[in-house]
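This report refers to the structure that appears directly beneath it.
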Amino acid sequence: MRRRPLLAALSGVPFLAPAAAKASQGGTLTFSWPVSAGPLNPHLYNPNQMYAQAMLYEPLVRYVEGGTLEPALATAWEAERGGRSFVFQLRQGVRFSDGTPFDAAAVVSNVEAVLRNRPRHAWLELIAQIDGAEALDGGTVRLRLKGPYYPALLELALIRPMRFASPAVLRPDGSLSAPVGTGPWRLAETVRGAHDLFVRNEDYWGDKPAANRLLVRVLADSNSRALALETGEIDLIYGTDQIDADTFRRFATDRRFTATLSPPLATRMLAVNSARFPTDDSAVRQAIAGGIDRAALVRHVLQGTEPAAETLFAENFPYCRLGLRAPAFDRAAAAARLDAAGWRLPAGGRVRARDGRPLSVDLCFVGADALQKALAEAVQGDLARIGIGARLIGEDAGTSDGRQRSGDFGLIFGNTWGAPYDPHAFMGSMRAPSHADFQAQRGLTEKAEIDRRIGAVLTTTDEAERVETYRWLLTTLHASGVYFPISYLTNKAVQRADLAPVPFGATRYEIPFDRMRRA
Amino acid sequence: MLYFLARRIAGLLLLLLVVSFVFFAMLRLGRGDPALDYLRLAQIPPTEAALAAARESLGLDRPLVEQYLTWLDHALRFDLGRSWYTSRPVTQEIAHYLPATLQLAAAAVLVMLLVGVPFGIWAALRRDRWPDNATRILAFIGVSVPNFWLAFLLVLLFSVTLGWLPAIGRDGPTSIILPAIATAAMSACVMLRLVRTSVLGALGEPHLRFARARGLARRTILGRHVVLNAMVPPMTMLGLHVGELLGGAMVVETVFAWPGIGRWALLAIQNRDYPALQGFVLAMTTVFVLCNLVIDLLHAWLDPRVRLGLPA
């Protein structure tokens, strides 16, 4: 039983928790998130929080781990004209939570709302490829593309922007008069900076959530989040970075809680700049690949909360099961490789040099990110032991973004985008100069060919050719040493023991609250 | 008194003008590209065309002074722009979050006075005896402990171990107790030592001998001639510590999930949300200066030498 605050009881003053918090034993789950859920427009980005958008709004097709798709608001679909359009049969009897029927007209009005705001979605190839949508009848809709684009269905499964709000709340300027979707939850109340309250959508077409209500308290600090879990003020912590590794380990050994890790969701890595001295030398990149003790980083810095990454994308992503392995950690071999390339340690010196130029790299990270800082320091130590000097540059996120755009880095931390963006959307972005990946690859002799084949793999309709092109791309990038994969990001869930085991969603921000229940 | 008030209000307006310009210039002349920050927060892909459009719409392509004058023109009409992160008007955001912070700061001042004044007087009246030594140790510890650490210790003891008080949120009268103590701890200890020193100083004043000669009761002498006179320096310190309390609230609000302006500002700092930061600094400067104005008025009321401009 949850302890009632003593002073409130003594004072006779009712404890003025939100009504939902009071009822937390009677079908209310309590969760926390660092910021408020936002206005919850399914077609827009910040400050809308993706976990909440996924609760209210549904896609036509849903992504399942491993890259397959299952029916959601569409029960069947078919490609036409060599992949230039898709016809969707819509699920019958679905209504938005305001009672408006979900039909072909609703799909068309949402697609048009997204297309009216195309520049906002320029990062997503799908939106550039969509030509329009038309209702064939009340339950059938056709989506026309400008050309074949194989990831179209995958990108329709994204949390945003192609999900569906009730046409009754859509405004001409793209905003909503209220957040109304077809999903298993409705937003009942928002107190900015304090909490968001979701209630079960009683008219939901699918399996209804076990809990009546979900209270999401705004908790910015991870230590406070852990303490709130201990006091029972929240039931659950869930996410990739909602809790630090030490605290996760502590909860894992406490019998009052259950701590679990999801399968790999994305990759934490260092991009190595092939267009900038001294990492423009392939021997230096290969020495870095073999000279950093990845296993030690995972064991000591990440406390084993993320599996070590051998490749840019984990093998549970589509087209990525290629059997590639990272170079074995071998400090002597890395040093020998540098020796052979002419990088010598000067007498009494600790940093190698060639032609009078020292072997020093700028290792850039976000200063406020304690984990990146700890990883950077460990990497600096490993590199120093093979005679590579690493200058640590910790800056705010904005400045770090600027370096990624300009290529002003030697090594820089980054993550892949995770399911369902990996590998196709992440690789698509490698062609844009504003991404660290483009900058890191810019010095490779194969760069033009890499970009050409990325373009080809996104538009080919030949599955065998797609498989082969991905194999070439991923193998080439793997061998080039422009990435040092560190670990695979996982969602970490810590729950109180009175909650049944928490399932994981297929993607990073799809939290299956609807399948959570009391034990 | 009216002249005194008018002079202080004129000073306040001048100060706001200077602070707003200096901060505006610091934000614009610092590292990084505001247009890029805007696009990053709005999650608009930062193409060259988008950057150029952002610079134009935000006025970043105009000279700094012109940008500032435009901002000032809007600010005088209570329009501080829109947050780049939430897209809401900054004035609305401040109006939403400031009351919680003021409530916390007021509770912290109360804690500060309840601890600092009585214990300071007690320590002075028991000089070099155990109450004085005990409060000295307490004050030493109090000023040395960072407020975020104290906040976590309080939560561990009163919420996790004893279960007496909520660890997070602003859900009822009890939820303010721990945040107020964590916010006020350092200032309360400084207040305690200052009250002690000030009371000791007042106890040595020659006019007390005459008061005793007039046959006044010890309680009257202490109350009217010692404590009242000794309150002037602590009151000045109270004004100065308002800034300390508001700054401390930024950290404490984050630990206790207190939905105040400090936590909102922290998010704005992390996001480099320029309009929000500019509005925050302006609001905090106003609150800080107004609090000091009130303290000065009290000071003038307590000490006629101040309002008459006589040497102390």
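The values are calculated or read from the model by the stated rules, or taken from the named source; none is laboratory data. None of these values were measured; they are calculated from a predicted model. Glycine also receives a Cβ, built like all others from the backbone with ideal geometry; neighbour counts cover every protein chain displayed.
Miscellaneous remarks
- Applying the set (1) more than 14 Å from chain A (Cβ to nearest Cβ); (2) modelled with pLDDT under 90 to B:Val115 leaves exactly one unmet item: (2).
- Condition broken by B:Val109, with the remaining ones in (1) surrounded by 20 or more Cβ atoms within 10 Å (Cβ to Cβ); (2) within 14 Å of chain A (Cβ to nearest Cβ); (3) out of contact with any Ser or Thr (no Cβ under 7 Å at 6 or more places or on another chain); (4) closer than 19 Å to B:Ile261 by Cα satisfied: (2)
- Failed item, numbered, when B:Glu48 is tested on (1) modelled with pLDDT of 85 or more; (2) charged (D, E, K, R); (3) loosely packed, with under 11 Cβ neighbours inside 10 Å: (1)
- Residue within region B:242-249 that is away from chain A (no Cβ under 12 Å), buried (at least 22 other Cβ atoms within 10 Å of the Cβ) and within 21 Å of B:Val18 (Cα to Cα) present: yes
- Close pairs from region A:403-425: first within 14 Å of chain B (Cβ to nearest Cβ), partner of a type in the set (Lys, Arg), Cβ under 9 Å, at least 6 apart: A:Asp408/A:Arg276; A:Trp417/A:Arg508
- Test: residue in region B:270-277 that is surrounded by 17 or more Cβ atoms within 10 Å (Cβ to Cβ) and either away from chain A (no Cβ under 14 Å) or farther than 25 Å from B:Phe148 by Cβ (or both): yes
- Complete set of residues in region A:250-264 that are part of a helix (DSSP H, G or I) and among the hydrophobic types (A, V, I, L, M, F, W, C): A:Phe251, A:Ala252
- Of all residues in region B:143-174, those satisfying the criterion of being more than 8 Å from chain A (Cβ to nearest Cβ), within 23 Å of the chain's Cα centre (by Cα) and among the polar types (S, T, N, Q) are B:Ser144, B:Asn147.
- Verdict on A:Thr469 being surrounded by fewer than 18 Cβ atoms within 10 Å (Cβ to Cβ) and over 26 Å from A:Glu510 (Cβ atoms): no
- The test for being surrounded by 14 or more Cβ atoms within 10 Å (Cβ to Cβ), farther than 30 Å from B:Leu267 by Cβ and not aliphatic (A, V, I, L, M) holds for B:Pro234.
- Residue that is surrounded by the fewest Cβ atoms within 10 Å (Cβ to Cβ), among those in region A:175-190 that are among the aliphatic types (A, V, I, L, M) and in contact (Cβ under 8 Å) with a residue 40 or more places away in the chain: A:Ala178
- Among the conditions (1) modelled with pLDDT of 95 or more; (2) touching a Lys or Arg at 6+ places or on another chain (Cβ under 9 Å); (3) buried (at least 20 other Cβ atoms within 10 Å of the Cβ), the only one that A:Gly193 does not satisfy is (1).
- Filter result (within 28 Å of A:Gly505 (Cβ to Cβ) and not in a helix (DSSP H, G or I)) within region A:146-161: A:Tyr149, A:Tyr150, A:Pro151, A:Ala157, A:Leu158, A:Ile159, A:Arg160, A:Pro161
- For A:Thr267, the conditions (1) assigned to a helix (DSSP H, G or I); (2) within 21 Å of A:Tyr488 (Cβ to Cβ) are fulfilled apart from (1).
- Taken over region A:315-350, the criterion of being within 30 Å of A:Ala425 (Cβ to Cβ) and either part of a helix (DSSP H, G or I) or touching a residue at least 60 places away in the same chain (Cβ under 8 Å) (or both) is satisfied by A:Asn316, A:Phe317, A:Pro318, A:Tyr319, A:Cys320, A:Leu322, A:Leu324, A:Ala326.
- The helices (runs of 4 or more DSSP H) falling completely within region B:163-263 that include 2 or more residues that are under 30 Å from A:Arg192 (Cα atoms) map to B:177-203, B:232-256.
- Hits in region A:226-249 (condition: away from chain B (no Cβ under 13 Å) and assigned to a helix (DSSP H, G or I)): A:Ala245, A:Asp246, A:Phe248, A:Arg249
- Number of positions in region A:355-370 that are surrounded by 16 or more Cβ atoms within 10 Å (Cβ to Cβ) and either over 39 Å from the mean Cα position of the chain (by Cα) or within 14 Å of another protein chain (Cβ to nearest Cβ) (or both): 4
- Scanning region A:371-397 for residues being of a type outside the set (S, T, N, Q) and within 19 Å of the chain's Cα centre (by Cα) gives a total of 2.
- The set of residues from region A:93-105 being touching a Phe, Trp or Tyr at 6+ places or on another chain (Cβ under 9 Å) and either closer than 19 Å to A:Ala157 by Cα or in a strand (DSSP E or B) (or both) comprises A:Val94, A:Arg95, A:Phe96, A:Phe102, A:Ala104.
- Selection count where residues are surrounded by fewer than 17 Cβ atoms within 10 Å (Cβ to Cβ) and under 26 Å from the mean Cα position of the chain (by Cα), scope region A:209-249: 3
- Criterion: within 14 Å of chain B (Cβ to nearest Cβ) and either under 25 Å from A:Val502 (Cα atoms) or at pLDDT below 95 (or both) - qualifying residue of A:Pro59, A:Pro14: A:Pro14
- Within region A:40-62, residues that are free of Cβ contacts under 8 Å to residues at least 40 places away in the same chain and under 24 Å from A:Pro172 (Cβ atoms) reach partners that are part of a loop (DSSP other than H, G, I, E, B) and of a type in the set (Phe, Trp, Tyr) with beta carbons closer than 8 Å, at six or more positions or on different chains, in the pairs A:Asn46/B:Tyr85; A:Pro47/B:Tyr85.
- For the residues B:Tyr97, B:Tyr68, the requirement of being within 14 Å of another protein chain (Cβ to nearest Cβ) and under 27 Å from the mean Cα position of the chain (by Cα) singles out B:Tyr97.
- Residue count, region A:162-192 (criterion: touching an Asp or Glu at 6+ places or on another chain (Cβ under 9 Å), of a type in the set (Gly, Ala, Ser) and either assigned to a loop (DSSP other than H, G, I, E, B) or within 14 Å of chain B (Cβ to nearest Cβ) (or both)): 5
- The set of residues in region A:500-511 being more than 15 Å from A:Tyr63 (Cβ to Cβ) and buried (at least 18 other Cβ atoms within 10 Å of the Cβ) consists of A:Val502 alone.
- Meets criteria (free of Cβ contacts under 8 Å to residues at least 24 places away in the same chain, in a loop (DSSP other than H, G, I, E, B) and out of contact with any helix residue (DSSP H, G or I) (no Cβ under 6 Å at 6 or more places or on another chain)) for A:Glu202: yes
- Taking every residue in region A:289-304 that is farther than 23 Å from A:Ala333 by Cα and pairing it with any residue that is not in a helix (DSSP H, G or I), at least 6 positions away or on another chain, the pairs with Cβ-Cβ distances below 6 Å are A:Leu302/A:Ser487.
- Sole residue being among the small types (Gly, Ala, Ser), more than 14 Å from chain B (Cβ to nearest Cβ) and over 30 Å from A:Phe504 (Cα atoms), chosen from A:Ala384, A:Ala374: A:Ala384
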